[in-house]
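These notes are about the structure you will find just below.
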Amino acid sequence: MESAIVFLPLIAAFVAGAFGRWIGDRGAQVITSGAMVVAAVLSLILFIQVGLHHAPRTVELFTWIDSGTFEVSWALRVDALTVVMLLMVTTVSACVHIYSIGYMAHDPHIPRFMAYLSLFTFFMLALVTADNFVQLYFGWEGVGLCSYLLINFWYERPSANTAAIKAFLVNRVGDFGFGLGIMAVYLLFGSVEFETVFAQVPEVAGTTLTFLGAEMDALTVACLLLFLGAMGKSAQLGLHTWLPDAMEGPTPVSALIHAATMVTAGVFMLARLSPLFEYAPAALDVVAFVGASTAFVAATIGMTQFDIKRVIAYSTMSQLGYMVFACGVSAYSAGMFHLFTHGFFKALLFLGAGSVIHAMSDEQDMRRMGGIWRLIPATYVLMWIGSLALAGLPFFAGFYSKDIILEAAFAAHTPIGQYAFWLGLAAAVMTAFYSWRLLFLTFHGTPRADERVMAHVHESPLVMLVPLGILAFGAVFTGWLFYDLYVGHDAHHFWADAIFVRAGHDTVEAAHHVPVIVKLLPLVFAAGGIALAYYCYMARPDMPALVAARARPLDRLFANKWYFDELYDAAFVRPARLLGVVFWKTGDGRVIDGFGPDGLAASTRRLAQRVAALQSGYMFHYAFAMVVGVVAIVLWFAVRY
């Protein structure tokens, strides 16, 4: 069963990609979507067997690498962490596959698109079932490759080319650190097998190694390098700039990348490697600081964006910040809980945005929408459900998972925990604000679109709405259905063999005993954000422009994404381009080509031109040359003899 879940998407990707010309668009859609539905059903069965009945196991498939003393097997590690990820990834991916049948109906390259989706899912499943660091890295790099292919699916668009290259390069920075971290682990433990490494952690804790010319705590160095990889994949502050630009891909790609797969890989990795990070408290503080800062900064940017998909993209970045700082305060189970619920309501929001874009003739600017809720009522209701879950309103999934993270941060009773708690609260009010800003600008008010666009606004077909309904079910019910299992009474038993927390670090348990005011504050802040959005965009539509004019420096800071792109452009892109031009024009053009191929060719051409000049076509010239030649030969013999 485990092998079928992982390899069914790979087989489907191969069939759709290699034989798409023969099986046609419909054949590719049926094969890939069918394989994902089967994988989702099998994942649910495996979740019940392994998660609910606490029966973890490892399935070894074959020896993958055997070089000297270095041996790595391809094995499927199936425990609570694995089955949680399998259930969420396969369910969301199945919904995205089915949704794509309707959304991509008029695209001329459907088999290729469906093959990319399935291949992407395979690499994510390979990542979450990894039993060692090398296998983890294989899946890690695989999702990076597929993200490039999917973001650049419409490769005829220059913006898609740029976005794909940007995503690939930014992730390479994180992946380089991740690779160094794996090497550091092998150096310290002599193995890349999770069980072997985890068993030796207490013995290695406290040792030092020389890194960048200084003696440093070995586990801290290894964990920080590993976290650098998580920063890239999970779009944490500093390595986040690729995420919004990834919106250049088709909307189903945005839902798959930003909800269930690639961006959650970093959070999963932190939870999987909890035995390492628990013995590196300095690294955990860095994780919490980066995560909290990411949640806050992304929320500020989300309030000022007008592209409907970019608003949701920055929302993803902010929610990833919550998950990461949860791991930073040792609340790994809370981070995984939010990862699980977030996968459903964020995929719902992205696919709902795709339904809006589909209805609005590919329009994405919310300033050209408005007044359409009566025309697409099903999409409207589903977007409300996703927004309620995202904002963390009671009885919706986000209410349970986001609140336990904030309570755990407060319960940590550390300066970094307090930093994360208050920035998380600030992000909560901004999340509610930009979520309802999106709803009001998109669906309410007077129509701002062209009359021809408004005349064609229509509800999406059932093949797109049914997956949204399934995701809406998850956005409503996964919170209270899985609360006790993930972070409540049954959490210790459920996560026993998957997540390690040192004695005295159990902030999830402590979160249940925080003061009532701490439990109420996120709800109060969320309600305040919604009320503020209603006042600014419904009661006083002129207010946003007035506030932007009064606070122009702050508005420009947020609207320009804190100038990270401009900073990186000045610090890295322009110098690299200048260096490239120098090497190209001077080094390659003038030196290598000038003295090499081009120089030899030019010299040969000049010599040939001079020799050709001797061929005048006049007989007396040739006779004169012959006489000169005879005289020269006679003189040579006379001198020689």
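The values are calculated or read from the model by the stated rules, or taken from the named source; none is laboratory data. If you're wondering where the values come from, they're calculated on a predicted model, not measured in any experiment. All Cβ positions, glycine included, derive from the backbone under ideal geometry; neighbour counts span all protein chains shown. Note: accessible area is taken over every heavy atom of the protein model, side chains too, but ligands, DNA and RNA are not part of it. Shrake-Rupley method; radii C 1.70, N 1.55, O 1.52, S 1.80 Å.
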Can you list the residues, at least 5 places off or on another chain, whose amide H is less than 5 Å from the amide H of T208, using H built in the peptide plane? A218
Distant-in-sequence amide H partners of S234 (H built 1.01 Å from N, under 5 Å): G266
Amide H contacts under 5 Å for E278, restricted to residues at least 5 apart in sequence or on another chain and with H modeled in the peptide plane, are none
For the chain, what is the mean residue ellipticity at 222 nm derived from helices alone (per DSSP H run of n ≥ 4: -39500 (n - 2.57); sum divided by total residues; nearest 500 deg cm²/dmol)? -23000 deg cm²/dmol
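Restricting to lysine pairs 8 or more places apart or on different chains, what number in the chain have Cα atoms under 14 Å apart?
The number of close lysine pairs in the chain is 4.
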Estimated vicinal HN-Hα couplings, Hz - the range 486-502 in sequence order (Karplus 6.51, -1.76, 1.60; Gly, Pro = x): 8, 9, x, 4, 9, 5, 4, 5, 5, 8, 3, 9, 10, 10, 10, 10, 5
For the range 309-315, what does the Karplus curve 6.51 cos²θ - 1.76 cosθ + 1.60, with θ = phi - 60°, yield as ³J(HN,Hα) per residue in whole Hz, taken in order and with x for Gly and Pro? 6, 6, 4, 5, 5, 5, 4
What is the magnitude of the charge dipole of the range 48-187 about its Cα centre, with +1 placed on the Cβ of each Lys and Arg, -1 on the Cβ of each Asp and Glu, and no other charges, expressed in debye to the nearest 20? 360 debye
Magnitude of the Cβ-charge dipole of the range 202-359, K/R +1 and D/E -1, about the Cα centre, nearest 20 debye? 500 debye
Where chymotrypsin sites (Phe, Trp or Tyr not before Pro) fall in DSSP loop in the range 223-320, at most 13 other Cβ within 10 Å: none
Given a Förster distance of 45 Å, the FRET efficiency implied by the Cβ-Cβ spacing of F477 and A549, rounded to the nearest 0.05, works out to 0.55
Length-normalised contact order of the chain in % [C-alpha pairs under 8 Å, at least 6 apart]: 12 percent
In sequence order, calculated HN-Hα J values of the range 342-355 (Karplus, 6.51, -1.76, 1.60; Hz; x Gly/Pro): 4, x, 6, 6, 6, 4, 4, 5, 5, 5, x, 4, x, 5
Which residue, G617, P553, F572, has the largest displacement toward the positive end of the dipole of the range 535-641 when charges sit on each Cβ (Lys, Arg +1; Asp, Glu -1)? G617
Cα gyration tensor shape of the chain, rounded if a/c is under 1.5, else prolate or oblate by comparing a/b with b/c: prolate
Enter the angle in degrees (range 0 to 90, nearest 10) between the Cα long axis of helix 133-151 and the first principal axis of the Cα atoms of the chain, meaning the one along which they spread out most. 80 degrees
Just read off the accessible area of W436 with the full protein assembly in place, 1.4 Å probe, to the nearest 10 Å². 10 Å²
Apply 1/(1 + (r/R0)^6) to the Cβ-Cβ distance of L187 and V634, taking R0 = 60 Å, and write down the FRET efficiency to the nearest 0.05. 0.15
With every protein chain present, what accessible area does V627 have (1.4 Å probe, heavy atoms only), rounded to the nearest 10 Å²? 90 Å²
Taking square-rooted eigenvalues a ≥ b ≥ c of the alpha carbon gyration tensor, is the range 112-199 rounded, prolate or oblate, where a/c under 1.5 means rounded and, failing that, a/b exceeding b/c means prolate? oblate
